[in-house]
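Written below as structure tokens is the structure these notes are about.
The values are calculated or read from the model by the stated rules, or taken from the named source; none is laboratory data. Given the structure is predicted, the values throughout are model-derived calculations rather than measurements. Don't worry about glycine lacking a Cβ; one is built from the backbone with ideal geometry, like all the others, and counts go over all protein chains shown. Each accessible area value is taken on the protein alone, full model and side chains, heavy atoms only, with ligands, DNA and RNA left out. Shrake-Rupley method; radii C 1.70, N 1.55, O 1.52, S 1.80 Å.
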Amino acid sequence: MTTNAQLLFNQIPKGEPTAETFKYNTENTIDLEQKLDNGAHIVKIICVSLDPYMRGRMRPAEVKSYSPAFDLHKPLTGHGVGVVIRAAADSQYKVGDHVYGMVPYQQFVFFPGQQKVDAETKKFLGASAGGLMVIKNEEGLPWSAYIGAAGMPGKTAFMAWKEIADAKKGEVAFISAGSGPVGQMAIQLAKADGLKVISSAGSDEKVAYLKELGADVAFNYKTEDAKKIFAEHGPIDVNWVNVGGKSFEEELEFMNMHGRLIGGWISGYNGESYGVRNLFQFVAKRLMMRGFIAKYSDDFYATIPNKLAFGDLKFKECKYDGLESAPKAFLEMLAGKQSGGFGKVFIQVASDDTN
Ligand SMILES: NC(=O)c1ccc[n+]([C@@H]2O[C@H](COP(=O)([O-])OP(=O)(O)OC[C@H]3O[C@@H](n4cnc5c(N)ncnc54)[C@H](OP(=O)(O)O)[C@@H]3O)[C@@H](O)[C@H]2O)c1
């Protein structure tokens, strides 16, 4: 038997998660030599993602939302990349295949050939529910890129920019939380379409990176007056609302007529959300805000990984080593206080050249 360490969901947090929300369990084991049949395979996990939306999954199972709640005392689940290390003769995967999909956060995962997927997960993941996608990575990107810029957050930016932004050259886009994985991609997509980009982040170092990504105006929302910036450089035609809450209320004042808003709401994920008081701006300015959940897209994989590999699109990542570092990494990611730099936060579970 081989140790198969796991990151367990240990306790439902009230407000901000704490170290007790998680438990790093080293007592779990797996038989890597077990007989495999009926399409089964074993995957060694290389890296897993930590994303703000996971805070929403830390809730009682009876509270329904768009994503399934984490099961108490079971491993967290989320996007990861691994390598198939064993496969039954009739498995759809072969040893050495690198795969991407929803995985439990542990070192090794046994997948029965026919995975049972509950209705909630199916609704959340759509066509990709239960299936692992083989990644060829002909671009030679680090595997972590496939859970970041070339993964779910990248797809979020790509899909919403194409489907909702309705962006026109010369317009003004505002992108909050610009140094996160969604923000980084959104800034670059907006610049590629000829928009003027205003973006904000929570430290001067992050702000310098927003400028490197092409933002025309970048500011530290903790030390600068957002309203003054919008008054000088707005009005905003496309508002990429990563943060929401009180700052959303301020942004609404500076929206242009017929502006579009694309939504995330990270300021409210840890508890009660700020009650925005000027929603009448939607009527007065004929604004449109549309929710969406990122989905698989062939178009995305056909274009974005290549651009990332050739440096046509930049991306920055923030790596934490080992599942044991995940509680610290998750809390730091939510608070914007990543000790390992900034950008897409992920956990390196095994080294990239694992096979
Ligand atoms: N609809 C979808 O399918 C979908 C998919 C993925 C993501 N999203 C949403 O998109 C947004 C960005 O996601 P992401 O993965 O790129 O995350 P992210 O930017 O890495 O989010 C974390 C960062 O947000 C900032 N932040 C946290 N609380 C804040 C607050 N109260 N005020 C201002 N900034 C705050 C912090 O950075 P600073 O240091 O800059 O403060 C923090 O590091 C989130 O709202 C997320 O839920 C939606």
Task: Pairs with Cβ under 8 Å, 6+ apart, first in the range 168-180 and under 18 Å from GLY263 (Cβ atoms) and open to solvent by less than 10 Å² (accessible area, probe 1.4 Å), second within 13 Å of the ligand (Cβ to nearest atom) and of a type in the set (Lys, Arg) - done: GLY178/LYS206
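Filter the range 88-101 for residues that are assigned to a strand (DSSP E or B) and touching a Leu at 6+ places or on another chain (Cβ under 7 Å) and give the result. Break it down stepwise before answering.
Step one: list which residues in the range 88-101 are assigned to a strand (DSSP E or B), which gives 98-101.
Scanning the range 88-101 gives VAL99, TYR100, GLY101.
Give me the strands (runs of 3 or more DSSP E) completely within the range 254-355, filtered to those with at least 2 residues that are at pLDDT 95 or above and away from the ligand (no atom under 15 Å from the Cβ), ordered by residue number. Spell out how you get there, then give the answer.
Values: elements: 255-263, 288-290, 317-321, 344-348.
Per the criteria, 255-263.
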TODO: Scan the range 318-349 residue by residue and report those that are open to solvent by less than 50 Å² (accessible area, probe 1.4 Å) and closer than 15 Å to ALA145 by Cα.
DONE: CYS318, TYR320, PHE342, GLY343, LYS344, VAL345, PHE346, ILE347, GLN348, VAL349
Open item on the list: Can you find, within the range 54-82, the residue that is most open to solvent (accessible area, probe 1.4 Å) among those that are touching a Gly at 6+ places or on another chain (Cβ under 7 Å) and at pLDDT 95 or above?
Closed with: HIS79
- [ ] Tell me the strands (runs of 3 or more DSSP E) entirely within the range 1-85 that contain at least 1 residues that are more than 19 Å from HIS98 (Cα to Cα) and within 25 Å of the chain's Cα centre (by Cα).
- [x] 6-9, 22-25
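Would you mind finding the one in PHE300, PHE282 that is touching a Phe, Trp or Tyr at 6+ places or on another chain (Cβ under 6 Å) and among the hydrophobic types (A, V, I, L, M, F, W, C)?
Answer to the check: PHE300.
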Open item on the list: Under 6 Å between Cβ atoms, which residue pairs at least 6 apart in sequence (or on different chains) link something in the range 191-209 that is on the phi < 0 side of the Ramachandran plot with a partner that is among the aromatic types (Phe, Trp, Tyr)?
Closed with: ILE198/PHE174; SER200/PHE219; SER200/TYR221; LYS206/PHE342
- [ ] Scan the range 134-151 and report the pairs whose first residue is closer than 16 Å to GLY82 by Cβ and whose second residue is among the charged types (D, E, K, R) and not in a loop (DSSP other than H, G, I, E, B), with Cβ atoms within less than 6 Å and a gap of 6+ or a chain change.
- [x] SER144/GLU317; GLY148/GLU317; GLY148/LYS344
